[in-house]
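Participant: What follows is a single structure, and I will ask about it in a moment.
Values quoted throughout were computed directly from the atomic coordinates according to the rules given, and no laboratory measurement underlies them. Every value quoted in this text rests on a predicted model; they were computed, and no experiment measured them. With ideal geometry, Cβ positions are generated from the backbone for all residues, glycine too; neighbour counts draw on all protein chains shown.
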Amino acid sequence: MLNRKEGLCLKKQCGRIGVELRTVFMGDDLAVILSGGDRPHLGAAALGVPRPSHRDPARQSASVSVLTLPGHRDDEFARRVAYRLAGVLGVPVLAACGIHVDALAADELVALEALVDSMLRECESALEKK
């Protein structure tokens, strides 16, 4: 059963883009903040709820609901965090996300996605072992 008093804080940099991932346990439930870039903010929130996989009920997956502030495009990152961590950890996960990078180029977006995926793998590994 997951019950952590200490949260996890990961910081990563890729070129000019810095990102931070923080976790806070609320009982057994998990809240995650993913922020960074030139102006960290709240752009989207996603709630992931663990459930049996539709394809293989013996495996765990998650259902996710997303709220996005008008004009923001952080919903995909928030959804990704909530989906992956709820499915892996088997607890409800609330992910709040806001990463803004001025004049983000297409190749920088690809690098940012890889950076977030790397942070998620590290987060999954750290939380599964505790």
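Participant: Could you tally the net charge around Asp117, taking each other residue with its Cβ under 14 Å from the Cβ of Asp117, Lys/Arg +1 and Asp/Glu -1?
Facilitator: Values: positive: Lys12, Arg79, Arg80, Arg84, Arg121; negative: Glu76, Glu113, Glu122, Glu124.
Spelling it out: positives minus negatives among the neighbours equals +1.
Participant: Assign one of three labels to the stretch 48-112, namely rounded, prolate or oblate, based on the Cα gyration tensor with a ≥ b ≥ c the square roots of its eigenvalues; rounded applies when a/c is under 1.5, prolate when it is not and a/b is larger than b/c, and oblate otherwise.
Facilitator: prolate
Participant: Pick from Pro92, Pro52, Pro40: which residue has the top mean-square fluctuation in a GNM of the chain where Cα pairs under 10 Å get a spring?
Facilitator: Pro52
Participant: Next question. Which residue, Leu89, Leu34, Leu109, has the most motion in a Gaussian network model of the chain that connects Cα atoms within less than 10 Å?
Facilitator: Per the Cα network of the chain with a 10 Å cutoff, Leu109 tops the list.
Participant: I would also like to ask the following. By how many degrees, 0 to 90 and rounded to 10, does the Cα axis of helix 106-129 deviate from the longest principal axis of the chain?
Facilitator: Long axis of 106-129 versus the principal axis of the chain: about 30 degrees.
Participant: Further, regarding this structure: Relative to the first principal axis of the alpha-carbon coordinates of the chain, what is the inclination of helix 75-89, with its axis defined by its Cα atoms, in degrees from 0 to 90 and to the nearest 10?
Facilitator: That helix lies at roughly 30 degrees to the long axis.
Participant: Further question on the same structure: Take the chain, connect every pair of alpha-carbon atoms lying under 10 Å apart with a spring to form a Gaussian network, then pick out the residue of Arg22, Arg39, Arg55 with the largest mean-square fluctuation.
Facilitator: Arg55
Participant: Ok, one more. Taking Cα pairs under 8 Å and at least six residues apart, what relative contact order does the chain come out at, in percent?
Facilitator: Across the chain, relative contact order equals 26 percent.
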